[in-house]
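Here's the structure we're looking at; comments come further down.
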Ligand SMILES: [Cu+2]
């Protein structure tokens, strides 16, 4: 009985599978190293820090990925069907402990390294003199409000919300602080100055997302969520909504125009003049 060799397998399927695995690893490496379909460059100091952290994570997990896949391809080939008898194994406890501990250390370590960037965005205080802008999401537009020359945002009354009469935010007509508020469909900010956005929603959950800022923040009804950043270069950047907020979600976007200080002041003056009319 025991000595009879039967069904000695062909090497072809194992070799083919190993080659497919190698090709997958090779093409994955190529697209990451060539940065095909990569994200646009960051434009804030925190954005660069996030990118560095992302790159570190990618390198560490990339090395593990490549080694694991190469080992898999080699195993597939080495242990292919020779017609040998399969035998049962209970695994290796020492190895299990080593790779579970290594995974834990890598994940917790990367997380700990990332806390600085995370903390700057979410817990770092806002510098005095930061420009405050209120951001409101509503199906399916963004609206931006500046306090105007008095530096104070006017009161908002939900009953007064009516985009058809030019009051999409529901500014209280009886509040003098709101008279000079600037309400616009695009975000204008000066370069090299700290900006604090106060993010709101009028209806469902939206998400304020600008790729170049590396910031994505949910707009939640009933909450005012502050975020802050400082842009290092002028330019036009797209703001999209990043939560599936309804049928028109796909076209919910606006632009962020980063202007030089002089251009921004000019823009502000123009808006104020329009308000005064
Ligand atoms: Cu939305």
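Dividing the mean sequence gap of close Cα pairs (under 8 Å, 6+ apart) by how many residues the stretch 131-276 holds gives a relative contact order of 26 percent. Take every Cα pair under 8 Å whose residues are at least 6 apart in sequence, average their separation, divide by the length of the chain, and the relative contact order is 18 percent.
Modelled spin-label separation between residue 71 and residue 20, with each label point placed 7 Å from Cα along the Cα-to-Cβ direction: 2.2 nm. Among 252, 75, 198, a tally of other beta-carbon atoms within 10 Å of each Cβ gives an order, fewest to most, of 75, 198, 252. Relative to its Kirkwood radius, the Cα radius of gyration of the stretch 1-104 gives an Rg/Rh of 1.17. Sorted on the mean count of surrounding Cβ atoms within 10 Å across their residues, most packed first, peptides 84-93, 238-247, 204-213 read 204-213, 238-247, 84-93. Based on alpha-carbon atoms, the Kirkwood radius and the radius of gyration of the chain give Rg/Rh equal to 1.20. Can you work out the base-10 log of I(q)/I(0) for the stretch 131-276 at q = 0.09, 0.15 1/Å, using the Debye formula on its C-alpha atoms alone? Rounded to two decimals, the profile gives -0.26, -0.75.
Full extension of the chain segment joining residue 266 with residue 57 gains 70.9 nm, where the gain is 0.36 nm per residue of separation less the Cα-Cα distance. Model label points for residue 29 and residue 175, set 7 angstrom from Cα along the Cα-to-Cβ axis, are 6.0 nm apart. Ranked by how many other Cβ atoms sit within 10 Å of their own Cβ, fewest first, the residues 116, 228, 257 fall in the order 116, 257, 228.
Which FRET efficiency, nearest 0.05, do residue 159 and residue 101 yield, Cβ-Cβ r, R0 41 Å? Calculated value: 0.10. Relative intensity of the stretch 71-115 on a log10 scale, I(q)/I(0) at q = 0.18, 0.23 Å⁻¹, equals -0.76, -0.90, per a Debye sum over C-alpha point scatterers of equal strength in the absence of solvent. Over the stretch 156-215, the Kirkwood radius and the radius of gyration, each from Cα atoms, give a ratio Rg/Rh of 1.01. Between the helical axis of 45-78 and the longest alpha-carbon principal axis of the chain there is an angle of about 20 degrees.
In the stretch 54-152, one over the average inverse separation of all distinct C-alpha pairs is 19.9 Å, which is the Kirkwood hydrodynamic radius. Principal-axis analysis of the Cα atoms of the chain puts helix 93-122 at an angle of about 10° to the longest axis. Please report how far the C-alpha centroid of the stretch 91-148 lies from that of the stretch 167-217, rounded to the nearest whole angstrom. First find each Cα centre; the distance between them is then 22 Å.
None of the figures in this text is laboratory data; all of them are computed from the coordinates on show. Small disclaimer: the values here were computed from a predicted structure and weren't measured. Reconstructed Cβ throughout: ideal geometry from the backbone, glycine too, with neighbour counts over all protein chains shown.
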